[in-house]
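In what follows, a structure is listed as structure tokens, so that the remarks can point back to it.
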């Protein structure tokens, strides 16, 4: 870390470096783009992954906090803070040409904070309608329903977009643009469509059966979780995490609890740690089984879908017995878990582990080994390792492009460092690799469960926590490996019982970011395959 | 073998007894039309239940169980529902073609049904070009699908219709070639003669190697021709929601739905006619007593049993395989299936010329 500090102060002497949860570098807006370029390209730094982009409103200024990770430097994380005092027309230079993932991330910030990004290729709102008045996550946002009445008319297909281009003298000019040309044949896939796995809309421009460009239209089920959280206490915001990626409910909630525990300096009892990890892995198996079923179904193999669901049912039964719910389990709480394990837990988990290998064989027989399935999945949706890193595609989809990005290995949390499991990597960079990573991760998760099922220690299931939980002033960032990739939580506190700002960095948000890249040049049927193999969950995007 | 022709000629004599000839023909036509429509409906109902139960068993489920014993009345409830549903009319569609399309499809499938050899003496029309007629009429169905996709004025239906056009026109070639292979062997296109030619043994046994290859080609091509999985691209619900019939509702949708199931029966019926002896019982040369026992089973049962068996295989395909992609489907036809069927046709011609068959 001191090495990084040294290089940074050499590159940009005016940068203010503070050490908190991570190394935080505060730079001025005018230096930001050059500094970002240096961070990415300077030898010894090489921050090649943009992990999170957090829009901020500090009342006197607006700004963005960027979390950067360096894959070559042992996954060091630093954060960079950029702010502008102008509230009327705030402008920050875009880094979407350095890290492609910033394209959608900056659009989200623009949508919620109104910060315009200079040189961004497509500065439209991401979640809200184009005619929305105000920027909801600003602290002075007026939520009066009269300002934004419920629309009674259809939204016009707005193809107009805008760019803010800076010329050599530093003057910023507004340049109008178009998403699709007038003569393009644009097919709407979604928002109500059997294969978008939720309320997601893709506008695909097609030439015959070939997809030329995909425009992602999102926000149909956005619930404003980040805004809601600002008005609630820490225990109250926990339940939101189960409702983002509902197939990673345990991991997401684990992440938020860990972030709060880190800020409080709370030690979690060993028994709770083990239970949390076991639940995480059960959730991962359940999620990958669902993904297997849905991939099969999207490819037309309806029978395989039911096979995946048959085993998933067993896991849901385990959850139901212990947590009292089959979905939205609400199991982790600050300091531990909410209830002790059910008496059948060990027996049920052992039964699951014992049948999974034979059932996986059955899946391969009925689906993965099928010639048609192989032809549909292989060489479809190519995503190179460089693109995966640049677009921050983590999780099974990133590992399908041979990018070793498992957070359980890179930033071991809970008790993962003591466990013996492998990070599954596939080198095909196509949909088949992504699919196979999931199937193999089921085996690895079973392996983790096998190691733990007989070694659940006795003890408390949660630590003693104060009645009113207050975090000290400061900011924290925590990442876990959710079912679909690295899930991050950012909390900024002013010392109150409510958070000042909570940001959830969801893996699926990045996954839809590569839809255009991976689908272009393939067929309409491949768009469905690619979507299924990337396996995004919509509530995780529309958080 | 019991000849159902006795009944029909008795009815004919009875009517001729007190009616002039034209009136007799008229009455007979009306009776046959009613019978065909009745058979059509009953078969469709049976097939819907048949497929639902089969697919449920493939998928570790029970299928419909609530309405009636083992859900037997479920199809009647469904049928009733579809009959009373509203026919939604849409803006900006080509109204005439939109309404014409389902009738084209249902008509072509009813006409094909009427040509099948139902039993000994139960042949409605006995053409000398019977099988050729079936092939010709089946092509009209494509027109219905194309019109439906075009007239709906919807991007999904249009893509579905184009896929369907490409698919059906391609696979019709293999289907036709497989049938021609058998026609070369049998030397006739008359359906009645085709069945009687299998009195000694079914074509699939008599023609052995080329006939078996032709049968396999026929089953694959027939699956594609009926738009069923793994070739259900025109209505690939995971890509195009419902393909060419997305915009249809009520009984118009019902026509597409019925025609799909009946076409499954019809291609199975043609398969049993061309390869498995039509209504002809299983005869093994030399085993006279066995053949006599087989003759006691009514010919209608033989025909339906064989058709249901072929349908079972095609349903099995659908519930096992993933869907192929349009380019894979077309290259499979043009690069593999069609050359193979052409080669097979030559092979059959050689076998016939040299007499290498039973």
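Just a few scattered comments:
- In segment A:2-179, Cα pairs under 8 Å separated by at least six residues give a relative contact order of 15 percent.
- Of all DSSP beta bridges in segment A:2-179, antiparallel share, percent nearest 5: 75
- Shape parameters for segment A:110-240, alpha-carbon atoms, Rg then Dmax in Å: 17.8, 53
- Peptide A:526-539 - average C-beta neighbours from other chains (10 Å radius): 1
- C-alpha center-to-center spacing [segment B:287-312, segment A:52-128] in angstrom: 75
- Relative packing of peptides B:288-294, B:314-320 - highest average C-beta neighbours within 10 Å first: B:314-320, B:288-294
- Across the protein assembly as shown the C-alpha pair distances fall into 20 Å bins from zero in the proportions 13, 38, 29, 15, 5, 0 percent.
- At q = 0.08 Å⁻¹ the log10 of I(q)/I(0) for segment B:94-354 amounts to -0.32, computed by Debye summation with a single uniform scatterer per C-alpha, solvent ignored.
- Approximate shape of segment B:32-87 as ellipsoid semi-axes (Cα gyration tensor, √5λ), whole Å, largest first: 23, 15, 10
- Computed on the Cα atoms alone, the convex hull of segment A:403-543 gives a volume of 150 cubic angstrom per residue.
- Computed extension gain for residue A:119 through residue A:28, at 0.36 nm per residue and net of the alpha carbon distance, reaches 31.0 nm.
- For the pair segment B:66-81 and segment A:143-162, the centres of their Cα atoms are 46 angstrom apart.
- Scattering curve values for segment B:101-219, log₁₀ I(q)/I(0), Debye with Cα scatterers, q = 0.10, 0.13, 0.15, 0.23 Å⁻¹: -0.39, -0.61, -0.77, -1.27
- As computed over segment A:155-311, the Cα convex hull volume per residue (Å³): 212
- Its alpha carbons give segment A:306-375 an Rg and a Dmax of 15.9, 49 Å.
- Dividing the mean sequence gap of close Cα pairs (under 8 Å, 6+ apart) by how many residues chain A holds gives a relative contact order of 16 percent.
- When chain B is treated as a Gaussian network with alpha carbon springs shorter than 10 Å, the biggest mean-square fluctuation among B:331, B:152, B:311 belongs to B:331.
- Listed peptides A:60-72, B:88-100, A:293-305, A:124-136 by packing density, highest first (mean Cβ within 10 Å): A:293-305, A:60-72, A:124-136, B:88-100
- Three principal axis extents describe the C-alpha atoms of segment A:58-133; from largest down they are 44, 27, 19 Å.
- Label-to-label distance, nm, for residues given as residue B:327 and residue A:232 (7 Å Cα→Cβ offset): 4.7
- 222 nm mean residue ellipticity, helices alone, for chain A (DSSP H n ≥ 4; -39,500 (n - 2.57); rounded to 500): -11500 deg cm²/dmol
- Computed E for residue A:220/residue B:81 - FRET, C-beta separation, R0 30 angstrom, nearest 0.05: 0.50
- Shielding of B:56-66 by partner chains, average beta-carbon count, 10 Å: 2
- Distance distribution note for segment A:2-179: the fraction of Cα pairs above 28 angstrom is 28%.
- With one equal scatterer per alpha carbon and no solvent term, the Debye-computed log10 I(q)/I(0) for segment A:84-181 at 0.20, 0.21 1/Å reads -1.11, -1.19.
- Calculated over segment B:28-174: convex hull of Cα atoms, volume per residue (Å³): 187
- Centre separation in Å (Cα based) which lies between segment A:209-249 and segment B:1-38: 70
- Built from the Cα atoms of segment A:387-475, the convex hull projects on average onto 8.8 nm², one quarter of its surface area.
- In this entry, segment A:225-541 is assigned a mean projected area of 15.2 nm², taken as a quarter of its C-alpha convex hull surface.
- Length-normalised contact order for segment B:94-354 - Cα pairs under 8 Å, 6+ apart - percent: 27
Taken together, the values in this text are just the output of simple stated rules run on the coordinates, not laboratory data. The model shown is predicted, which means the values in this text are computed figures rather than measured ones. Because the Cβ atoms are built from the backbone with ideal geometry, glycine has one as well, and the counts that use them run over all protein chains shown.
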